[in-house]
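Q: Dumping the structure here so I can ask a few things about it.
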Amino acid sequence: GSTGYATSLRANGFAVGTVEHLMAVLHSYGISNLLVKVQGEIPILDGSAVEFCNLIEEAGVQEENEEWSEVLVDRHYQIGSEKETISIEPSEVFSVRYVLNYPKPVGIQEYTYTYQTPASFKEEIAPARTFGFVKDIEKLQQLGLVNGGKLNNCILVDEEKIINTELRFKDE
């Protein structure tokens, strides 16, 4: 499910929010069987996925002999509208092309990432933090979505500039 601002997973009457960074790390490290104990929301930590990478590397990955199946994409699928679209198509490699078109100061950003190794994910993608707009903070708080948000774990943008941090990448 989606709240419009973060991804939530729901099953058996339980829901866990802000799962996107953890799920990206698990996929990149090839982890398909993990028990995660959490209450309601995955911790935001520094606002990126890099700390989850460090935790996985510290704990290590144990190979299992159990069989599991991957999702096979058999054709091009697309959903969305003129404003927001997501699509998926068959490929020999895992690759993501992301285009963002926001008003200034964010502007148009485009990035293509092709998975190579967990190390490439940790270097190229994992350090990128979530960004948000000052004008949206009150609305997000009313929705209960920024409970773990602090000024040091997101990129906060007003109408003209980033107001709380330096970027880790020019197009973070």
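Q: Can you name the residue in the range 61-85 that is within 19 Å of residue 35 (Cβ to Cβ) and of a type outside the set (Val, Ile, Thr) and, of all such residues, is surrounded by the most Cβ atoms within 10 Å (Cβ to Cβ)?
A: Selected residue: 64.
Q: Determine if the range 17-25 includes at least one residue that is in contact with a Leu (Cβ under 9 Å, 6 or more places away or on another chain) and in a strand (DSSP E or B).
A: Within the range 17-25, one or more residues are in contact with a Leu (Cβ under 9 Å, 6 or more places away or on another chain) and in a strand (DSSP E or B).
Q: Let me ask something else about it. May I ask you to list the residues in the range 6-24 that are surrounded by 15 or more Cβ atoms within 10 Å (Cβ to Cβ) and either touching a residue at least 24 places away in the same chain (Cβ under 8 Å) or over 21 Å from residue 121 (Cα atoms) (or both)?
A: Passing the criteria: 6, 8, 16, 17, 18, 21, 22, 24.
Q: Something else about it: Between a residue in the range 82-95 that is under 12 Å from residue 116 (Cα atoms) and any residue that is assigned to a loop (DSSP other than H, G, I, E, B) and at pLDDT 95 or above, which pairs come within a Cβ distance under 6 Å, given they are 6 or more apart or on different chains?
A: 94/115
Q: Looking at the range 66-81, is at least one residue under 28 Å from residue 117 (Cβ atoms) and either touching a Cys at 6+ places or on another chain (Cβ under 7 Å) or touching a residue at least 24 places away in the same chain (Cβ under 8 Å) (or both)?
A: For the range 66-81, residues under 28 Å from residue 117 (Cβ atoms) and either touching a Cys at 6+ places or on another chain (Cβ under 7 Å) or touching a residue at least 24 places away in the same chain (Cβ under 8 Å) (or both): present.
Q: Just name the residue that is modelled with the lowest pLDDT out of those in the range 25-42 that are open to solvent by less than 70 Å² (accessible area, probe 1.4 Å) and under 13 Å from the mean Cα position of the chain (by Cα).
A: 42
The values are calculated or read from the model by the stated rules, or taken from the named source; none is laboratory data. Everything numeric here is computed off the predicted structure, so don't read it as measured data. Note that we place each Cβ from the backbone using ideal geometry, even for glycine, and neighbour counts take in every protein chain shown. Please note that ligands, DNA and RNA were not included when accessible areas were found on the heavy atoms of the full protein model with its side chains. Shrake-Rupley method; radii C 1.70, N 1.55, O 1.52, S 1.80 Å.
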